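Chemist: This is the structure I have questions about; it appears just below.
The values are calculated or read from the model by the stated rules, or taken from the named source; none is laboratory data. Only a predicted model underlies this, so the values are computations on that prediction, with no experimental measurement involved. As a convention, Cβ positions derive from the backbone with ideal geometry for all residues, glycine included, and neighbour counts pool all protein chains shown. Note: areas computed on protein heavy atoms with side chains; ligands, DNA, RNA excluded. Shrake-Rupley method; radii C 1.70, N 1.55, O 1.52, S 1.80 Å.
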Amino acid sequence: MSPLRRAGGLFAAVLAALTVAACGTSSTDTSAAPAASSSAAPAAASATREVKDATGTLIKVPAEPKRVVTLTQEDLDAALALGVTPVGITNGQGLDKPPAYLADKVQGIPVVGNLLQPVIDKVVEVQPDLILAGDMQDQQMLDQLRKITPATVVTMAPTDDWKLSFMGIGNTLNRLDAAKKVLADYDAKVAEAKSKVEPAEVSIVRWNPQGPSWMEKRQFASFVATDLGLTRPKAQDKDGTAHSMPLSLEALSDIDGEWLFLSTLTSDGEKALAEVKETPAFKELKAVKAGHVATVDGSVWSTRGAPLAAQVVLDDLVKALAG
């Protein structure tokens with residue numbers, strides 16, 4: 001059985017488990033959460049549910065959360081896709097502001113820090129009753145956040161694909177049925193997109209100051225490409241969830257393919273890419289010679305992924321390949 005098929009089986013199993021969890025009984029929680037400061041929200045009796053977070057920890061969360069804080073753009077993306085507007089958010093990956101593709105949806109929402117680096121006082125100010133903490137691994141920070149609200153949930157495990165993480169967030173927000181519909185809509189859009197593009201070999205690359213890194217097959221944007229029926233160059237046919245080590249100019253052939261999708265995350269990366277584009281090694285790539293190079297938004301393509309970002313990647317792929 002192939003790794004991707006095994007991943008599909010895992011997704012089905014987790015989906016079934018989440019469905020069972022969502023059917024658990026609610027309880028009334030009358031215990032006050034430890035206050036981080038005198039400005040924290042007053043404790044009040046409320047119905048709660050117990051969910052299992054991405055670390056396997058059982059956590060009580062509000063049955064109907066009203067004041068959600070998101071600490072990653074994946075949490076933010078997922079919440080917005082489920083119709084939940086957070087009361088506090090963090091800046092996007094590699095950015096000093098929220099991600100551009102979500103900008104029109106988050107106007108006026110307080111920014112409480114950078115990606116996975118919240119400012120505790122700012123989190124306290126927005127009085128959350130639920131914090132979606134992404135793949136937070138800083139136990140000291142988690143402990144501080146759980147003094148603000150015990151309902152602080154790690155939503156992503158290192159090896160989870162974006163659909164698994166999204167379903168977990170849907171369960172945490174008590175919107176599992178809505179999450180299933182979002183994924184069904186995504187599948188329908190993929191099916192429609194397949195009718196517009198021919199099968200192709202695509203290279204997916206992020207350019208760093210040190211050089212280009214290609215994305216492994218289970219990284220977010222790669223997953224979207226696979227959903228669309230696209231293949232990867234032989235050098236990139238690795239079933240992992242990360243990026244390769246930066247390549248030297250002598251190894252640029254590893255990023256070649258029928259199509260080359262390029263992104264950057266920093267101004268230094270943009271500068272390095274601009275310089276390399278003028279080199280003979282880059283100009284000799286078959287994708288470059290064919291004019292099959294598409295520049296895409298690294299703050300979307302290089303994330304852990306969520307439904308609204310998946311739509312952006314899907315649109316980028318179709319625009320290039322069907323254009």
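Chemist: Being modelled with pLDDT under 95 and among the aliphatic types (A, V, I, L, M) narrows it down to one residue among Leu76, Leu80, Leu115, Leu71; which is it?
Modeler: Only one candidate passes the filter, namely Leu115.
Chemist: Test Pro86 against the criterion of being under 30 Å from Thr266 (Cα atoms), open to solvent by 70 Å² or more (accessible area, probe 1.4 Å) and in a loop (DSSP other than H, G, I, E, B), and give yes or no.
Modeler: no
Chemist: Spot the failing condition for Ser222; the list is (1) in contact (Cβ under 8 Å) with a residue 12 or more places away in the chain; (2) closer than 15 Å to Ala78 by Cβ, and only one is missed.
Modeler: If we test Ser222 against (1) in contact (Cβ under 8 Å) with a residue 12 or more places away in the chain; (2) closer than 15 Å to Ala78 by Cβ, just (2) comes out false.
Chemist: Specify which of the listed residues (Leu95, Leu102, Leu164, Leu132) is on the phi < 0 side of the Ramachandran plot and touching a Phe, Trp or Tyr at 6+ places or on another chain (Cβ under 9 Å).
Modeler: Just a single option satisfies the conditions, and that option is Leu164.
Chemist: Go over the candidates Val119, Val112 one by one and state the one that is within 24 Å of Lys97 (Cα to Cα) and surrounded by fewer than 21 Cβ atoms within 10 Å (Cβ to Cβ).
Modeler: Unique residue meeting the criteria: Val119.
Chemist: Next question. State which residue is farthest from Val153 (Cα to Cα) when the search covers only the range 111-139 and only residues that are in a strand (DSSP E or B) and polar (S, T, N, Q).
Modeler: Out of the qualifying residues, it is Asn114.
Chemist: Quick check: is even one residue across the range 168-190 closer than 24 Å to Glu258 by Cβ and among the aliphatic types (A, V, I, L, M)?
Modeler: Within the range 168-190, one or more residues are closer than 24 Å to Glu258 by Cβ and among the aliphatic types (A, V, I, L, M).
Chemist: May I pose another question? Does Leu265 fit the bill of being under 21 Å from the mean Cα position of the chain (by Cα) and either of a type outside the set (Lys, Arg) or at pLDDT 90 or above (or both)?
Modeler: Spelling it out, Leu265 is indeed under 21 Å from the mean Cα position of the chain (by Cα) and either of a type outside the set (Lys, Arg) or at pLDDT 90 or above (or both).
Chemist: What are the residues in the range 89-109 that are open to solvent by less than 50 Å² (accessible area, probe 1.4 Å) and either within 19 Å of Gly298 (Cα to Cα) or among the basic types (Lys, Arg) (or both), if any?
Modeler: Thr90, Asn91, Gly92, Gln93, Pro98, Pro99, Tyr101, Leu102, Ala103
Chemist: For residues that are surrounded by fewer than 18 Cβ atoms within 10 Å (Cβ to Cβ) and not in a helix (DSSP H, G or I), tally how many sit in the range 295-323.
Modeler: Of the residues in that region, 2 qualify.
Chemist: Okay, next question. Only residues that are part of a helix (DSSP H, G or I), out of contact with any Gly (no Cβ under 7 Å at 6 or more places or on another chain) and open to solvent by less than 90 Å² (accessible area, probe 1.4 Å): list them for the range 256-287, please.
Modeler: Residues satisfying the conditions are Ser267, Gly269, Ala272, Leu273, Ala274, Val276, Ala281, Phe282.
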